[in-house]
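To start, the structure under review is shown below, and the notes come after it.
Here, each number is a calculation from the coordinates, and none is a lab measurement. This is a predicted model, so every value here is computed, not measured. Cβ sites come from the backbone with ideal geometry, for glycine too, and all protein chains shown count toward neighbours.
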Amino acid sequence: MPYDYTVERALRQQKLRRKARRGEIALKRLYKLIRFLIILFIFYSVFRILNCHYWYLSKDLYTNKNTPRIEILGNNIVSKDKIINQIKKLPLEKKTIYMINPEKLVKEIEKLPPVKRAYIRRFWFPARFVIMTDEVIPAITISPTEDSPAVFALGHNGELIGREYLPLKQNFDAVNVLSYGTNGDDYEKWDKEKISDLYKLAKLIEDYSSEKVKYIDLRTPHNAFVQLESVKIQLGEIDNSVFDRIKQITAIIPEVKKLNEPVKYVDLSWQDSAYLKMK
């Protein structure tokens with residue numbers, strides 16, 4: 001009986017197909033294993049990232065003065081130490097930075113009198129706070145004498161800035177006022193209008209004289225003085241007419257500078273009249 005090559009070829013093809021199928025199955029299983037390992041790696045990586053210590057604020061956040069984990073911007077009146085001491089009143093939450101609610105810290109910072117508003121931005125890797133403060137703009141500082149440091153300050157809207165926040169930095173264009181806070185002139189009770197008038201008065205005198213006002217002396221409430229760089233001016237009563245009386249400064253100051261004798265003060269307490277008091 002002759003050998004059937006057709007049957008042999010069919011058997012070889014069938015073996016090849018079985019081998020190819022086994023290879024496909026093995027390859028699919030390998031792909032599934034690789035995909036499973038990749039998914040496992042992704043989950044593990046996410047878990048490690050979410051639990052990385054860089055997401056957490058450092059334990060010495062409030063004690064290490066040189067820590068880069070807290071940056072404070074806009075604080076020209078309130079020191080960094082005062083802000084940190086204020087937020088230290090709240091316990092440091094053992095949460096990742098994105099889970100911490102900054103509103104609690106914001107409300108605590110805004111309890112500081114010079115701070116009108118506060119903002120906190122959270123950053124990660126490493127976890128840190130950037131605190132931005134919007135502070136009161138000082139208009140007036142209060143001193144008991146011309147040689148003593150300021151003991152109080154007032155904002156343009158009447159905000160009180162206590163002694164613990166003084167001295168102010170030089171970048172504030174505040175007017176220094178001498179006052180004992182007695183004799184019916186309690187500066188802690190001055191309203192916005194009173195502060196605005198004193199500030200406006202000082203700035204107009206500087207414009208008319210082209211000199212800096214060193215201080216306004218209100219220690220005798222009905223007889224105020226203003227010290228300029230070159231001469232003292234007696235204003236008398238600070239009433240509605242004072243803004244007209246100080247216009248005379250423009251013409252008087254150049255004449256005073258021409259005199260060879262020292263001038264004690266220029267008297268502008270009278271309407272449309274100016275007198276020189278010589279030493």
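Things worth noting here:
- Helix 5-50 and the longest principal axis of the C-alpha atoms of the chain enclose an angle of approximately 20°.
- Net charge of neighbours whose Cβ lies under 14 Å from the Cβ of residue 185, counting Lys and Arg as +1 and Asp and Glu as -1: -3
- Taking 136, 256, 177 as the candidate residues, the one with maximal mean-square fluctuation in a Gaussian network model of the chain, Cα springs under 10 Å, is 256.
- Distance between the 7 Å Cα→Cβ label points at residue 85 and residue 259: 4.9 nm.
- Cα coordinate range in the stretch 129-240, projected on the principal axes (Å, largest first): 52, 32, 28
- Where labels lie 7 Å past Cα in the beta-carbon direction, separation of residue 99 and residue 46 in nm: 1.6 nm
- Normalised by the number of residues in the chain, the average gap of Cα pairs under 8 Å and 6 or more apart makes the relative contact order 10 percent.
- In the chain, the longest principal axis of the Cα atoms and the axis of helix 249-258 are about 70 degrees apart.
- Residues 190, 270, 55, sorted so that the one with the fewest Cβ neighbours within 10 Å comes first: 270, 55, 190
- Computed lengthening from residue 223 to residue 137, 0.36 nm per intervening residue step minus Cα-Cα distance: 28.1 nm
- Length added when fully stretched, residue 197-residue 6, from 0.36 nm per residue minus Cα-Cα: 57.1 nm
- Reachable aspartates and glutamates from residue 89, criterion Cα separation under 16 angstrom, eight or more residues apart if same chain: 60, 81, 103, 108, 110
- Entries of 200/258; 232/277; 203/277 with Cα pairs more than 20 Å apart: 200/258; 203/277
- Cα extents of the chain along the three principal axes, largest first (Å): 151, 39, 31
- Nearest-20 debye value, the stretch 17-121 charge dipole, Cβ charges on Lys, Arg, Asp, Glu: 1140 debye
- Computed E for residue 211/residue 276 - FRET, C-beta separation, R0 25 angstrom, nearest 0.05: 0.90
- Cβ-placed point charges (K, R +1; D, E -1), dipole of the stretch 189-279 about Cα centre in debye, nearest 20: 320 debye
- Spin-label model distance (nm) - residue 110 vs residue 147, 7 Å beyond Cα toward Cβ: 4.5 nm
- Fully extending the segment from residue 24 to residue 180 would add 46.5 nm, taking 0.36 nm per residue of separation and subtracting the current Cα-Cα distance.
- Model label zone, residue 73; criterion: amide N under 16 Å from point 7 Å along Cα-to-beta-carbon; scope the stretch 103-130: 117-124, 128-130
- Within the chain, helix-based [θ] at 222 nm, where runs of 4 or more DSSP H residues each add -39,500 (n - 2.57), nearest 500: -11000 deg cm²/dmol
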